[in-house]
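Notes follow the structure.
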2 protein chains.
Amino acid sequence: MSIEDKQKPQRNDRVTIRTVATHAGVSVAAVSKVMRNAYGVSDALRARVTDSIEALAYRPSRAARGLRGRSFTIGVLLIDIRNPFLPEVIAGVNGVLAPSHYQAMIGVSDARVQLETSLIESMIDYKMDGLILVAPRLPSEILAKFAVQIPIVAVGYHDASATAFDTVNADDQRGAEIAVEALLACGYRDIEMLSLGERQGHAVSVVRQREIGFRRAMQRGGLGSSPAIGKIPIASPKREEAMRKFLSRKDRPRAVFCWSDLDAITLLSLAMEMGVRVPDDLAVIGYDNSPTAALGLVNLASIDQSGRELGQVATRALISRIEGRTASEHIFQIPSLVSRNSLTRSGNSTDR
Amino acid sequence: MSIEDKQKPQRNDRVTIRTVATHAGVSVAAVSKVMRNAYGVSDALRARVTDSIEALAYRPSRAARGLRGRSFTIGVLLIDIRNPFLPEVIAGVNGVLAPSHYQAMIGVSDARVQLETSLIESMIDYKMDGLILVAPRLPSEILAKFAVQIPIVAVGYHDASATAFDTVNADDQRGAEIAVEALLACGYRDIEMLSLGERQGHAVSVVRQREIGFRRAMQRGGLGSSPAIGKIPIASPKREEAMRKFLSRKDRPRAVFCWSDLDAITLLSLAMEMGVRVPDDLAVIGYDNSPTAALGLVNLASIDQSGRELGQVATRALISRIEGRTASEHIFQIPSLVSRNSLTRSGNSTDR
DNA sequence: GACGAGTTGTAGAACGTTCTCCATATAACG
DNA sequence: CGTTATATGGAGAACGTTCTACAACTCGTC
């Protein structure tokens, strides 16, 4: 009320918790209590404070919150923003988060381990409340080390033995089996898989899981003990080259299971260009059931794992962990087949 | 056990600036100076401190930094993560940021003004150093209000009169003109545009700009003073419905310019299903030159605006603004045509 | 030797929250 | 009326940085 007070208001025009406290005629601690709806607040006080908050349009500073307590933000780490499967996961996360007071911040690692590490560290340094890592590249021990500092749920990361963090996956082994079974049911016997040729592909990755499922289903179907699995490079000039080579092989198989729609669609495209008829000369089945696969022009049969659902489940798991759960959870979803013309002329879509 | 507890004032094992200071035998302020490489540090001191930082694997807390000074993070706001054009922008941003000490955090607004506002506020509350807003929905006055609190660069937002923030755009009017000119050059005269039917579509949006360019080029080509512009709803059941209706019109035009590849590709797909031959019955030209458009199966002619480049330019502009520039900049890029089979049989791709 | 100028390092006050005590007021009980 | 329990509000110490003063020391220079 004295001269000092008169001189102070000229500072910053940011509305802080102190501004609210002054406006409501209560202490800073009281305002904080109301915000966190902590114990020991009378209805009258609560009303007065919420009114002031409203009137001043006060928003707590996330930075300051993070310094002391929770920041009400969860970090999402994406390996690659181009894969059309990932937006679905985000949609699922945002859907669950929307009605809550949490918000998602996304980091994109471009599949570089270096960047992945530094993004995770940044998110920890921001004191985010939890992390959803989508198909991370880092080994399990490292993730476990991070998980000590912050709740973590890994999506598309097969490590059911992890105790420090949760995992949410579609059953990729089963998905591959379903694909093979569908091909067998259509009468194809000469089947190969086209997988991803990555250097750092560890056993926990979805790709390796799909390979395992592929092998098992092939053996179970009596098609040899070590079925052929071709590797497609990631980067662009070599990628198409490898596919063309595959398509022009004289001993090209009759059907192919492709690890991802991303590659399956390009394969379909190149097949058309090279005059290889689908499905008459080559049946193709992809993975992810991406929007593009559903296009009439493309009409690619694919294994559907609902990215949206994966995102939702992961978010719920993360929140429960943030709120105190310590035992780790490992959740599986069962994928399903979406049949289309690339599998057989009587797919579920238009056939001309 | 209890003794250990007593002796454990070491509390959390987090390495802070204080830990480093103790380890190096200097003051906290000295460490801070080295970090910020501020004036008044001897080589000897610097060496000692950097050694300690290295030895302790110290990372400054972003939360604490944000509370006081810069946080070395820039926020990117995406309207919609599904549009394949946006990942390109992100790639551009990350490319420029990678060698610097800045990092990008992404928020997804799903085109909801409410969420857009709250994400921007959150990013401000995190004391991020700057914001890149991609195709924001908020009106210019509101953005200007935010821009007082934080440096802002808007991408895909046509408001060259804004003084509070920068804009980076492809020249969408010109892009539409190029599309029309290409159609004219192929001999088509009966041309319509398919645009986006959005309620809140304000004049600054790229869509409206493309409409303006379309009209101007049509008039210039002597094709009427108010050429037809159809509107396609965003949401999924009505969207396809509107396209089918368009395709089955008896007075269907001979050529169509579509505001986005997203819709153009679906249109192509539906055209095939309905037996409308492209380009023989209907020529189509899209916008964005998305990866899918380039597929042999799709072969969609499209206007290319390099999203990557847009992202790069925007990031550089933002950094220069963070580092002190106050005069606003409004940058334009010129788009170009990528001709493919949907425009004419002699597109630049395979024609059989 | 006194004085300024320059250089190098430090103390300590912010920043805006959370949250643990602690003080006070009121109610309950004997 | 004491005494004790219980409900309510507040003081103030963190949290980990940044950054402004300022202290201390070294050189020249007059």
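Using helices alone, I'd like the mean residue ellipticity at 222 nm for chain B: each DSSP H run of four-plus residues gives -39500 (n - 2.57), total over residue count, nearest 500.
On the way: 14 runs with 152 residues, N = 352.
Calculated at 222 nm, the ellipticity per residue is -13000 deg cm²/dmol.
Under 5 Å between amide H atoms, partner at least 5 residues away or on a different chain: which partners does A:Leu337 have, H built in plane at 1.01 Å?
So A:Leu337 has HN proximity to A:Asp304.
Could you run the Karplus curve 6.51 cos²θ - 1.76 cosθ + 1.60 with θ = phi - 60° over the stretch B:261-275 and give me ³J(HN,Hα) per residue in whole Hz, x for Gly and Pro?
Each residue's phi maps through the Karplus curve to give 4, 3, 7, 4, 5, 4, 4, 4, 5, 5, 4, 4, 4, 8, x Hz.
Might you tell me the accessible area per residue for the protein assembly as shown, computed with a 1.4 Å probe and given in Å²?
Numbers: 31390 Å² over 704 residues.
For the protein assembly as shown, the per-residue accessible area is 45 Å².
Taking the Cα centre of the protein assembly as shown as origin, work out the dipole magnitude from +1 charges on Lys and Arg Cβ and -1 charges on Asp and Glu Cβ, in debye rounded to 20.
1160 debye
If packing is taken as the average count of other Cβ atoms within 10 Å, what order do A:232-238, A:138-144 fall into, highest mean first? Numbers along the way, then the final one.
Values: A:232-238: 12.6, A:138-144: 16.9.
Ranking, from highest mean packing down: A:138-144, A:232-238.
Averaged across A:58-68, how many Cβ atoms of other chains sit within 10 Å of each residue's Cβ atom?
Working: counts 0, 5, 1, 7, 10, 14, 6, 4, 8, 7, 2.
Per-residue shielding by partner chains comes out at 6.
Can you tell which of A:Ile106, A:Ile53, A:Ile319 shows the greatest fluctuation in a Gaussian network model of chain A with Cα springs below 10 Å?
It is A:Ile53.
If you count, for every residue in A:102-110, the Cβ atoms of partner chains within 10 Å of its Cβ, what is the mean? If you can, show how the numbers build up before the last one.
On the way: counts 0, 7, 5, 13, 9, 5, 9, 1, 5.
Mean shielding by partner chains, rounded to a whole number: 6.
Summing Lys, Arg as +1 and Asp, Glu as -1, what charge do residues with Cβ under 11 Å from the Cβ of B:Val41 carry, B:Val41 excluded? Please report the intermediate quantities before stating the final value.
Working: positive: B:Lys33, B:Arg36, B:Arg46, B:Arg48; negative: B:Asp43.
Within the 11 Å Cβ shell, the charges total +3.
Looking only at B:Gly311, B:Gly213, B:Gly25, which one moves most when chain B is put into a Gaussian network model with springs between Cα atoms under 10 Å?
Fluctuation is largest for B:Gly25.
At the nearest 100 Å², what buried accessible area, both sides summed, do you get for B and A when the probe is 1.4 Å? Before the final figure, lay out the partial values.
Numbers: alone 17860 and 17930 Å², together 31390 Å².
In total, this chain pair buries about 4400 Å².
So, counting K/R as plus one and D/E as minus one, what does the shell of residues with Cβ under 10 Å around A:Ser122 add up to? Walk me through the numbers on the way to the answer.
Working: positive: B:Arg59, B:Arg62; negative: A:Glu121, A:Asp125.
Cβ neighbours under 10 Å give a net charge of 0.
Using a basic spin-label model with each label point 7 Å from the Cα along Cα→Cβ, how many nm lie between A:Lys250 and A:Glu141?
4.9 nm
Only four residue types carry charge here, +1 at the Cβ of Lys and Arg and -1 at the Cβ of Asp and Glu. Report the dipole size of the stretch B:204-244 about the Cα centre in Debye, rounded to the nearest 20. Please report the intermediate quantities before stating the final value.
Numbers: 9 positive and 3 negative charges, 24 e Å.
Dipole of the stretch B:204-244, to the nearest 20 debye: 120 debye.
Using modelled backbone amide H atoms (1.01 Å from N, in-plane), which distant-in-sequence or interchain residues come within less than 5 Å of B:Asp110's amide H?
Result for B:Asp110 returns B:Asp80, B:Ile81.
Given the convex hull of the Cα atoms of the stretch B:234-279, what is a quarter of its surface area in nm²?
Details: hull surface 12.8 nm².
That works out to 3.2 nm², a quarter of the Cα hull's surface.
With θ taken as phi - 60° and the coefficients 6.51, -1.76 and 1.60, list the Karplus ³J(HN,Hα) couplings across the stretch B:225-239 in order, rounded to whole Hz; mark glycine and proline as x.
These are the phi-based 3J(HN,Hα) values: 8, 9, x, 6, 10, x, 10, 9, x, 7, 6, 6, x, 5, 4 Hz.
Starting from the stretch A:296-331, pick out the trypsin sites (Lys or Arg not before Pro) whose DSSP state is loop and whose Cβ has at most 16 other Cβ atoms within 10 Å. Kindly include the intermediate steps, with their values, before the conclusion.
Numbers: sites: A:Arg308, A:Arg316, A:Arg321, A:Arg325; in loops: A:Arg325.
Those satisfying the criteria are A:Arg325.
Per-residue HN-Hα couplings for the stretch A:52-61, Karplus 6.51 cos²θ - 1.76 cosθ + 1.60 at θ = phi - 60°, whole Hz, x for Gly and Pro?
These are the phi-based 3J(HN,Hα) values: 5, 4, 4, 4, 8, 6, 6, 10, x, 6 Hz.
Express in nm, to one decimal, how much length is gained between A:Thr163 and A:Met35 on full extension, taking 0.36 nm for each residue of separation and deducting their alpha carbon distance. Don't jump to the answer; show the numbers that get you there.
Values: separation 128, 0.36 × 128 = 46.08 nm, distance 3.39 nm.
Gain in length upon complete extension: 42.7 nm.
Taking the radius of gyration and the Kirkwood hydrodynamic radius from Cα positions alone, what is the Rg/Rh ratio for the protein assembly as shown, to two decimal places? The partial results should precede the final answer.
Values: Rg = 28.1 Å, Rh = 28.0 Å.
Expressed as Rg/Rh, it is 1.00.
A:His23: accessible area at probe 1.4 Å, nearest 10 Å²?
110 Å²
Taking only Cα atoms of the stretch B:1-151, what ratio of Rg to Rh do you get with Rh as the Kirkwood inverse-distance radius? Could the numbers behind the result be given before it?
On the way: Rg = 20.3 Å, Rh = 18.3 Å.
With Rg and the Kirkwood Rh in hand, the quotient comes to 1.11.
If a/c stays under 1.5 just call it rounded; otherwise compare a/b with b/c (prolate if a/b is bigger, oblate if not). Do that for the stretch A:172-305, with a ≥ b ≥ c from the square roots of the Cα gyration tensor eigenvalues. The partial results should precede the final answer.
On the way: a/c = 1.29, a/b = 1.14, b/c = 1.13.
In terms of gyration-tensor shape, rounded.
Averaged over A:121-134, how many beta carbons belonging to a partner chain fall within 10 Å of each residue's beta carbon? Please list the in-between numbers first.
Values: counts 4, 7, 3, 5, 11, 9, 4, 3, 0, 0, 0, 0, 0, 0.
So the per-residue partner count for this stretch is 3.
Residues with amide H under 5 Å of A:Gln103's amide H, sequence separation 5 or more or different chain, H placed in the peptide plane at 1.01 Å from N; which?
Sorted by chain and number, the residues that satisfy this are A:Thr73, A:Ile74.
Hey, which of these cross-link pairs are over 23 Å Cα-Cα: A:Lys127/B:Lys127; B:Lys33/B:Lys145; B:Lys33/B:Lys127? Please list the in-between numbers first.
Details: A:Lys127/B:Lys127 14 Å; B:Lys33/B:Lys145 33 Å; B:Lys33/B:Lys127 21 Å.
Beyond 23 Å: B:Lys33/B:Lys145.
Can you pull the percent of the stretch B:20-156's accessible area that's carbon plus sulfur, 1.4 Å probe, other chains left in place? Walk me through the intermediate numbers first.
Working: 3080 of 5530 Å².
Of all accessible area on the stretch B:20-156, carbon and sulfur atoms account for 56 percent.
Run down the aspartates and glutamates and flag those whose C-alpha is under 15 Å from the C-alpha of B:Lys250, throwing out any fewer than 8 positions away in its chain.
By straight Cα distance, B:Lys250 reaches B:Asp190, B:Glu192, B:Asp281.
Please give the contour-minus-distance gain from A:Asp280 to A:Ala57: 0.36 nm per residue of separation, less the Cα-Cα distance, rounded to one decimal in nm. Intermediate values should be presented prior to the final figure.
Details: separation 223, 0.36 × 223 = 80.28 nm, distance 6.49 nm.
Full extension of this stretch gives 73.8 nm more.
At 0.36 nm per residue, and after removing the present C-alpha to C-alpha distance, how many nm does the segment from A:Arg68 to A:Arg189 gain when stretched out fully?
Numbers: separation 121, 0.36 × 121 = 43.56 nm, distance 6.20 nm.
Fully extending the segment from A:Arg68 to A:Arg189 adds 37.4 nm.
Considering only protein heavy atoms and a probe of 1.4 Å, how much of the accessible area of the stretch B:172-305 is carbon and sulfur, as a whole percent? Don't skip to the end; give the middle numbers.
On the way: 2690 of 5130 Å².
Carbon and sulfur atoms account for 53 percent of the accessible area of the stretch B:172-305.
Antiparallel versus total DSSP beta bridges in the protein assembly as shown: what percent is that, nearest 5? Can you show the working numbers first?
Details: 8 of 80 bridges.
In the protein assembly as shown, approximately 10 percent of DSSP beta bridges are antiparallel ones.
If one puts a single equal scatterer on every Cα of chain B and applies the Debye formula without solvent, what log₁₀ I(q)/I(0) results at q = 0.06 Å⁻¹?
-0.32
With a 1.4 Å probe and all protein chains in place, put A:Asp129, A:Asp13, B:Asp281 in order of accessible area, largest first.
Details: A:Asp129 0, A:Asp13 135, B:Asp281 40 Å².
The residues order as A:Asp13, B:Asp281, A:Asp129, largest area first.
With unit charges on the beta carbon (Lys/Arg positive, Asp/Glu negative), name the residue among A:Leu223, A:Val155, A:Val15 whose Cα is farthest towards the positive pole of the charge dipole of chain A.
A:Val15
Just to verify a number: what accessible area does A:Phe332 come out at with the full protein assembly present, 1.4 Å probe, Å² rounded to tens?
The accessible area of A:Phe332 comes to roughly 100 Å².
The values are calculated or read from the model by the stated rules, or taken from the named source; none is laboratory data. What you see is a predicted model; the values in this text were computed from it and never measured. Note that each Cβ is placed from the backbone with ideal geometry, even for glycine, and that neighbours are counted across all protein chains shown. For accessibility, only protein heavy atoms count, side chains too; no ligands or nucleic acids. Shrake-Rupley method; radii C 1.70, N 1.55, O 1.52, S 1.80 Å.
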